[in-house]
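Each remark here refers to the structure printed beneath this line.
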Amino acid sequence: MGALTPILTRSWDRADSFTLDAYTDRGGYRALRTALGMDPDAIVTAVKDSGLRGRGGAGFPTGMKWGFIPQGDTKPHYLVVNADESEPGTCKDVPLMMADPHLLIEGSIITAYAIRSHVAFIYVRGEVLHVVRRLQQAVAEAYEAGYLGANILDSGFDLELVVHCGAGAYICGEETALLDSLEGYRGQPRLKPPFPAIAGLYGGPTVINNVESIASVPSIIENGADWFAGMGTEKSKGFGIFSLSGHVTRPGQYEAPLGITLRELLDMAGDVRAGHELKFWTPGGSSTPLLTSEHLDVPLDFESVSAAGSLLGTRALQIFDETTCVIRAVLRWSEFYAHESCGKCTPCREGTYWYKLMLARLEKGNGTEEDLDTLLDLSDNIMGRSFCALGDGATAPVTSSIQHFRDEYIQHFTSGGCPFDPAASTLWAG
Amino acid sequence: MAFEPDVAERLERDAKEIIARYPRPRSALLPLLHLVQAEEGHVSKDGVDFCATQLGITPAQVEGVVTFYTMYKQRPVGEYHVGVCINTLCAVMGGDQIWAELSEYLGGDQSEPTPDGKVSIERIECNAACDYAPVMTVNWEFFDNMTPEKARRLVDDLRAGKTVAPTRGADSVCGWRQASRILAGFPDGRANEGVQAGPESLCGLRLADERGWTAPEAGR
Ligand SMILES: Cc1cc2nc3c(=O)[nH]c(=O)nc-3n(C[C@H](O)[C@H](O)[C@H](O)COP(=O)(O)O)c2cc1C
Ligand code: SF4
Ligand code: FES
């Protein structure tokens, strides 16, 4: 086994990788045939045994989630694939769907069969037109070939799969807001419990999984749970796509077993851009607390990143070098959260608004050390008191930046402004 | 004022097709709004009324949804709607400078299309392409690794009616209305155009191949 393990990304270098022909040429839809010959419960068990945990950020065990779906009930079950990919820094599902939509479709069919669902949706963000085209075409090809529709491959199993485009709202990636959106409403989170597995889409038992989670399913059926569990760490098994962006020599997608470190990944990506050094990074998107060069050797698995004070999230490794003003970065993320807050609960709606105002003032150097305490206080009032995880996520950049870069905040106040030159951070500054 | 009878008739046929995809009609609202946006370039009062009628809900209920989602435009945008990603990663990598220079270059009010109706610009949030930062979009197609200079040339070409090819997308950008129609669920048959992946997407795979790294063999 290598340091990188291309599985989901394996076919991306073939020019026609997104076509049905290319997919079946390399053994695509073979796992589906195997799955349709299995008892649905045996598929749930295999996914449980594999140790696969959700790749959409929270890391909930996928097989366990499927196991919560009531069986022998009379309500229709639904599968909803979360293809909303909007967490800042996250950029793995979009290239996956562009290069290999059939992998997602095959995973969706197997999953639907396992949870006894006959209607499934791919909820894809609307701002990625060519991905939408590729998904639409792949779904049409799959119907044509008898992988979707009535009596799939003569198994007696029926499945309708609908590609549904969102319309621009980060909160619709939150699973219950996504359901409201898919039902044709404003995307606002629902109170949990009941969890979607009990009362989800149209009140029916519903599984919602991330694109990468679902795309991992065919390989588990094909190669076995042990094969999957043989990669990764004890509690974070398998592989995942690590997305490097920002101030690195070769930003891009690197698929590796969970537990790889940033030091190893940077080594593969040609390090931080020449002549510069790492200042801070996000392990899994903007909602995961910032880490620094002290954390280069933290294994990127769920447990180790939590122990280091952050979260693995979506493995969206945004790399910032010493030219970057941390307050500028945090202000911009705060503006994002304020813009995307759905407005349902006060701590998040008001809190992100105050973040935005305060950080704008601090960036200009018009602040005091007391303001930092106010910011931390405010964060305490958002964290754990918000209706959904968007509010919690909004606090991550603020509190972690104050923790690691208090001096830099103070430097802004004492020098009466921002000491950084944004031009030095750009792609063309080199 | 409502849609002309022939337009209404055509849209009703499309609307029926959309509604039929879903177990419950109301789920069709987002695609229906993309559909009326494809007809008029934005979601007008007529468009709202049309969606309400199709679904048997009130125009106020439709309005509530329209205002929640940023992709629905309540005022006309250009034939080519240009996005500049200004979320943190892209902003730092140069998105802020691109936005500043581009908005100055185009002049006028940034919330209005250029006088020729060709181009409008918008600050967009992370578009799931951070490894290609700074990122821009035209009618939701990707323009990767942008610079202020490339951004100016892009809008010049769009305004001059030249063929403009996204970095990862169809061979040429389509118009705003056409793009909206695809989002409503009516494909344009162009999925085979363009690359399957950009170079950044292939970084890890290329390196693994170079070094002979592979996934383990199945052992059963
Ligand atoms: C504000 C917010 C945005 C989210 N956005 C996404 C997203 O774009 N894609 C995704 O898969 N999960 C997203 N999630 C996580 C989902 O709520 C959910 O946990 C996930 O889709 C479950 O799939 P998984 O178990 O396969 O990871 C988001 C959560 C929050 C709170
Ligand atoms: S935390 Fe924010 S996004 Fe979540 S429900 Fe409250 S206001 Fe809406
Ligand atoms: S920050 Fe611009 S694409 Fe992600």
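Structural remarks
- Per-residue ellipticity at 222 nm from helix content only, as computed over chain B with -39500 (n - 2.57) for each DSSP H run of at least four residues, stands at -12000 deg cm²/dmol.
- Cα pair distances in segment A:184-258, grouped into 10 Å bins until the bin that holds the longest one, percent each: 15, 30, 26, 25, 4
- On Cα atoms only, tilt of A:389-415 relative to the major axis of chain A in degrees: 20 degrees
- Neighbouring partner chain Cβ atoms per residue of A:6-12, average, 10 Å criterion: 5
- Relative contact order, percent, segment B:53-211 [alpha-carbon distance under 8 Å, six or more residues apart]: 21 percent
- Distance between the pseudo-spin-label points of A:Met1 and A:Asp226 (7 Å out from Cα toward the beta carbon): 1.4 nm.
- Acute angle (nearest 10 degrees) that the helix A:326-340 long axis makes with the longest principal axis of chain A, alpha-carbon atoms: 50 degrees
- Solution diffusion estimate, µm²/s, Stokes-Einstein, segment A:97-199, Kirkwood Rh from C-alpha pairs, 25 °C, viscosity 0.890 mPa s: 167 µm²/s
- Taking N as the residue count of segment A:18-66, its C-alpha radius of gyration divided by 2.2 N^0.38 Å amounts to 1.41.
- Amide H contacts under 5 Å for A:Phe280, placed H, 5+ residues apart: A:Phe320
- Projected onto planes of every orientation and averaged, the convex hull of the alpha-carbon atoms in chain A covers 19.9 nm².
- Residues whose amide H falls under 5 Å from that of B:Arg168, counting only those 5 or more places apart or on a different chain, are B:Phe142, B:Asp144, with hydrogens built in the peptide plane.
- Comparing A:Ser415, A:Gly232, A:Thr74 along the charge dipole axis of chain A, the residue lying farthest to the positive side is A:Thr74, per the Cβ-charge model.
- Phi-based couplings in Hz for segment A:229-245 (Karplus 6.51, -1.76, 1.60; Gly and Pro marked x): 5, x, 9, x, 10, 4, 9, 10, 8, x, 10, x, 8, 9, 9, 9, 9
- Summarising the amide proton neighbourhood of B:Val138: residues at separation of 5 or more, or on other chains, whose placed amide H is nearer than 5 Å comprise B:Gly83, B:Phe143.
- Two-decimal Rg/Rh across segment B:5-66, once Rg and the Kirkwood Rh are taken from alpha-carbon atoms: 0.92
- By average C-beta atoms within 10 angstrom, highest first, the peptides A:285-297, A:63-75: A:285-297, A:63-75
- With DNA, RNA and ligands ignored, accessible area of A:Phe387 (1.4 Å probe; Å², nearest 10): 80 Å²
- Seen from all directions on average, segment B:80-179 presents a Cα convex hull projection of 5.6 nm².
- Calculated [θ] (222 nm, deg cm²/dmol) that DSSP helices of n ≥ 4 give over chain A, each run adding -39,500 (n - 2.57): -13000 deg cm²/dmol
- Student exercise, segment B:80-179 dipole from Lys, Arg, Asp, Glu Cβ charges, in Debye to nearest 20: 240 debye
- Across segment A:148-153, computed HN-Hα scalar couplings (Karplus, 6.51 cos²θ - 1.76 cosθ + 1.60, θ = phi - 60°) run 10, x, 7, 6, 4, 6 Hz from first to last residue, x flagging Gly and Pro.
- The heavy atoms of A:Ile402 offer some 10 square angstrom of accessible surface to a 1.4 angstrom probe.
- From phi via Karplus (6.51, -1.76, 1.60), per-residue ³J(HN,Hα) for segment A:41-48 in Hz, x at Gly/Pro: 5, 5, 5, 4, 4, 4, 5, 4
- Chain A: most fluctuating residue of A:Gly203, A:Gly259, A:Gly284 per GNM, C-alpha cutoff 10 Å: A:Gly203
- Rolling a 1.4 Å probe over the protein heavy atoms leaves B:Arg152 with an accessible area of roughly 60 Å².
- Most mobile of A:Glu106, A:Glu174, A:Glu127 in a GNM of chain A (Cα contacts under 10 Å): A:Glu127
The values are calculated or read from the model by the stated rules, or taken from the named source; none is laboratory data. All values reported here derive from a predicted model rather than from experimental measurement. Note that each Cβ is placed from the backbone with ideal geometry, even for glycine, and that neighbours are counted across all protein chains shown. Ligands, DNA and RNA are excluded from the accessible area calculation, which covers all protein heavy atoms including side chains. Shrake-Rupley method; radii C 1.70, N 1.55, O 1.52, S 1.80 Å.
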